[in-house]
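K.L.:
Starting off with a structure, shown below.
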Amino acid sequence: MLTLNQIHKTFYANTPDERRAISDLSQTLNEGDFVTIIGSNGAGKSTLLNLLAGTLLPDAGDIHLNEQNLTPLPEEKRAKWIGRVFQNPMAGTAPNMTIEENMMISLGRTQKRSLFRGMTKKKREQFKEHLSTLEIGLENRLNTKVGLLSGGERQALSLLMATFTEPQILLLDEHTAALDPSKQELILSLTRELVEKHSLTTIMVTHQMEQAIDFGNRLWMMDEGKIIYEAEDEEKDKLTVPDLLSAFQEIRGTKMANDRTLLAK
C-alpha cells in the first residue's frame with residue numbers, strides 16, 4: 001500500500017516567484033492500483049512523480065510504502081521499490097553504453113555488489129530472455145550502444161529496465177508523448193503487458209484523455225497542485241472525453257482550451 005499524507009511542495013518559497021506546486025495532497029493506493037493522471041500544464045503532475053521518486057523531497061507531509069517511510073529517502077535509496085520511465089526517450093538510459101551495460105546499471109540499482117563484476121553467462125541469457133519479450137529484436141543486439149536505437153526501441157528498453165527488477169511502484173511520466181503514433185501503440189501495449197505481468201502499482205501521467213480513460217482502474221484530474229476530480233472502477237469505465245472536459249469546466253469554471261490535454265486521439 002502506498003500512502004501520501006498531507007503532502008506539500010512549494011517552489012521559490014518566500015520570494016516574489018513563490019509557487020505552490022502540491023497542496024495538502026493525501027491519497028492511498030492499494031497494491032495493483034493503476035492510476036492515470038491528467039491536468040493542464042503546471043498542474044503538479046510531474047512534481048508529484050518527482051516527490052514519489054525522491055527527486056524532490058516534500059516540504060511537509062509523509063510518504064509510506066507499506067511499513068517503509070520513504071519521506072526522507074533520496075532517489076537512489078528508493079530505486080529498489082520504484083521504477084520510472086520519462087517522457088524523453090533519451091532520459092533514463094546511458095547512450096554511450098551498450099544495451100547489456102544499461103541493463104546491468106538497472107540491476108545494480110537494486111543490488112550492493114559491484115556493477116560489472118556481476119556479469120555472468122547466466123545473467124546475459126536472462127537479459128536476452130527479458131529483451132525477447134519486447135519482440136523487437138533487441139535480444140540480438142546486446143552489444144549495441146543505446147544511443148543508436150530508435151526512440152521507440154529506446155523507450156521500450158527503458159520500460160523493460162524499469163520493471164524487470166520487479167519494483168513495487170512504476171511511475172510513467174508521459175512516456176509516449178515524444179513518439180510517433182505507431183511507436184506509441186507499441187509502448188502502450190508493452191506497458192499493459194508488463195504492469196499485468198508484475199502486478200505493479202502504477203501511476204501514469206498523460207496529456208491524452210483517451211489514454212487516461214482506457215488505462216488503469218483509477219483516474220485523477222489535477223489542477224494547481226490538487227486532485228480536483230477522481231473516478232475509479234465502474235465510474236471510470238463509463239467516462240468519455242466530453243465528461244472529463246465538462247468536469248474540469250464545472251469545477252474550475254473555465255474551459256480546458258489551448259492545452260495539450262485536448263489531444264484525445
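Throughout, read-outs are computed from the coordinates displayed, never taken from laboratory work. Note that the coordinates shown come from a computational prediction; the quantities given were computed from them, not determined experimentally. A quick note on method: Cβ atoms are made from the backbone with ideal geometry, for glycine too, and the neighbour counts reach across all protein chains shown.
K.L.:
Sorting check: for 58-70, 30-42, 152-164, 219-231, which peptide has the highest mean count of neighbouring beta carbons within 10 Å, and how do the rest follow?
P.N.:
Numbers: 58-70: 15.0, 30-42: 18.7, 152-164: 23.3, 219-231: 20.4.
Result, highest mean first: 152-164, 219-231, 30-42, 58-70.
K.L.:
Okay, moving on. Relative contact order of segment 80-194, please, whole-number percent, based on alpha carbon pairs below 8 angstrom and at least 6 residues apart.
P.N.:
Working: 144 pairs, mean separation 50.1, N = 115.
Answer for segment 80-194 is 44 percent.
K.L.:
Using the C-alpha gyration tensor of segment 17-145, what are the square roots of 5 times its eigenvalues, in whole angstrom, with the largest one first? Numbers along the way, then the final one.
P.N.:
Numbers: eigenvalues 217, 62, 43 Å².
Whole-Å semi-axes of the equivalent ellipsoid: 33, 18, 15.
K.L.:
Moving to a separate point now. Return the subset of 122/145; 123/145; 80/183; 45/183; 183/226 for which the Cα-Cα distance in this structure is over 25 Å, preserving the input order. Mind dumping the intermediate values first?
P.N.:
Values: 122/145 21 Å; 123/145 19 Å; 80/183 28 Å; 45/183 23 Å; 183/226 32 Å.
Violating the 25 Å limit, Cα to Cα: 80/183; 183/226.
K.L.:
Moving on to the next point. Which of rounded, prolate, oblate describes segment 43-111, given a ≥ b ≥ c as roots of the alpha-carbon gyration tensor eigenvalues and a/c under 1.5 marking rounded, otherwise prolate only if a/b is larger than b/c? Before the final figure, lay out the partial values.
P.N.:
On the way: a/c = 3.13, a/b = 1.58, b/c = 1.98.
Note, shape of segment 43-111 comes out oblate.
K.L.:
Taking the highest mean first, how do the peptides 123-134, 85-96 order by number of other beta carbon atoms within 10 angstrom per residue?
P.N.:
Numbers: 123-134: 15.4, 85-96: 17.8.
Peptide ranking by packing, descending: 85-96, 123-134.
K.L.:
Give me the percent relative contact order of the chain, please, defined on Cα pairs under 8 angstrom at least 6 residues apart.
P.N.:
26 percent
K.L.:
Taking only C-alpha pairs under 8 Å that are 6+ residues apart, what is the relative contact order of segment 122-259 in percent?
P.N.:
Numbers: 120 pairs, mean separation 20.7, N = 138.
For segment 122-259, the relative contact order is 15 percent.
K.L.:
Using helices alone, what [θ] at 222 nm do you get for the chain, with -39,500 (n - 2.57) per DSSP H run of 4 or more residues, divided over all residues and rounded to the nearest 500? Can you show the working numbers first?
P.N.:
On the way: 9 runs with 89 residues, N = 265.
After summing the helix terms and dividing by residue count, I get -10000 deg cm²/dmol.
K.L.:
Using only the alpha carbons of segment 139-191, determine the length spanned along each of the three principal axes and report them from longest to shortest in whole angstroms.
P.N.:
Sorted from largest, the Cα extents of segment 139-191 read 29, 28, 16 Å.
K.L.:
Still on this structure, please answer the following. Please compute the volume of the convex hull spanned by the alpha-carbon atoms of the chain and report it per residue in Å³.
P.N.:
Residue-normalised Cα hull volume stands at 141 Å³.
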